[in-house]
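Worksheet: one structure, shown below.
The values are calculated or read from the model by the stated rules, or taken from the named source; none is laboratory data. This is a predicted model, so every value here is computed, not measured. Cβ atoms come from the backbone with ideal geometry, glycine included; neighbour counts cover every protein chain shown. With ligands, DNA and RNA removed, areas are computed over all heavy atoms of the protein, side chains included. Shrake-Rupley method; radii C 1.70, N 1.55, O 1.52, S 1.80 Å.
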Amino acid sequence: MVETAPNFAATCVVCENVFTPAELDSIEHYGDGLDQQNATLAGEGWTRNGGAARIRITRTAALTLRPEIKWLYDRMQAIIRKVNMEVYQFDLQGFTEAFQYTVYHGADGGHYDWHIDWGPNRVQRKLSASVQLTHPSHYQGCDLQFHGAREIETAPKERGAVIIFPSFIQHRVTPCTNGTRKAIVVWTTGPQFK
């Protein structure tokens, strides 16, 4: 594993140098080979009057744990555990959901409006993570933003940045206006907060 020194913001922790460029290429190649579908939203009533498209336009595919990507799960588990020990100290149990390969196309206006990763899920998400796969020169817009205490905070766009944040923090991905942005989204789970 590449060593990383986390950078702290009010809403998230950013880890750099977690993956080599060759590893990022490998992840992207693997994800591009998966069957990507239009993303859906949890909960009732999103299909009325184009509600889902107002909230989210993106294509996703499940990165289900398989021998060929076990190294990716191991790497993400190690970095999330490190950040959790140093910063959040949540009671975590691990990954109970497949990683999500996420693609935002500028031609579609790909975006995901304000939301939290916490809600009527079958498991309690505690920490969310996003891995930036695309070099920022290959797309415009498509910023991962957090609703901080007093202002909107924008995550770094550097390829390979791993952004970790509590799943109850409100966040969004602004519209992609040109090019394509790819990322991995990961959720760690654990017992209910007390």
TODO: Only strands (runs of 3 or more DSSP E) wholly contained in the range 84-194 count here; list those with 2 or more residues that are at pLDDT 95 or above and not hydrophobic (A, V, I, L, M, F, W, C).
DONE: 99-105, 125-132, 139-141, 176-189
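Could you look through the range 57-70, keep only residues that are in contact (Cβ under 8 Å) with a residue 24 or more places away in the chain and more than 16 Å from the chain's Cα centre (by Cα), and pick out the one that is surrounded by the fewest Cβ atoms within 10 Å (Cβ to Cβ)?
The extreme case among them is GLU68.
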Open item on the list: For the range 79-94, give me the residue count where each residue is open to solvent by 40 Å² or more (accessible area, probe 1.4 Å), touching a residue at least 40 places away in the same chain (Cβ under 8 Å), out of contact with any Ser or Thr (no Cβ under 6 Å at 6 or more places or on another chain) and not charged (D, E, K, R).
Closed with: 3
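Of all residues in the range 53-83, which are outside any helix (DSSP H, G or I), over 22 Å from ARG172 (Cα atoms) and polar (S, T, N, Q)?
THR64
Considering only residues of the range 144-162 that are open to solvent by 90 Å² or more (accessible area, probe 1.4 Å) and in contact (Cβ under 8 Å) with a residue 12 or more places away in the chain, which is nearest to the chain's Cα centre (by Cα)?
So, considering only residues that are open to solvent by 90 Å² or more (accessible area, probe 1.4 Å) and in contact (Cβ under 8 Å) with a residue 12 or more places away in the chain, the one nearest to the chain's Cα centre (by Cα) is GLU158.
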Open item on the list: For the range 164-174, give me the residue count where each residue is surrounded by 22 or more Cβ atoms within 10 Å (Cβ to Cβ) and within 19 Å of ALA78 (Cα to Cα).
Closed with: 2
TODO: Tally the residues that are out of contact with any Pro (no Cβ under 9 Å at 6 or more places or on another chain), open to solvent by less than 70 Å² (accessible area, probe 1.4 Å) and either free of Cβ contacts under 8 Å to residues at least 60 places away in the same chain or closer than 29 Å to ARG122 by Cβ (or both), restricting the search to the range 175-192.
DONE: 10
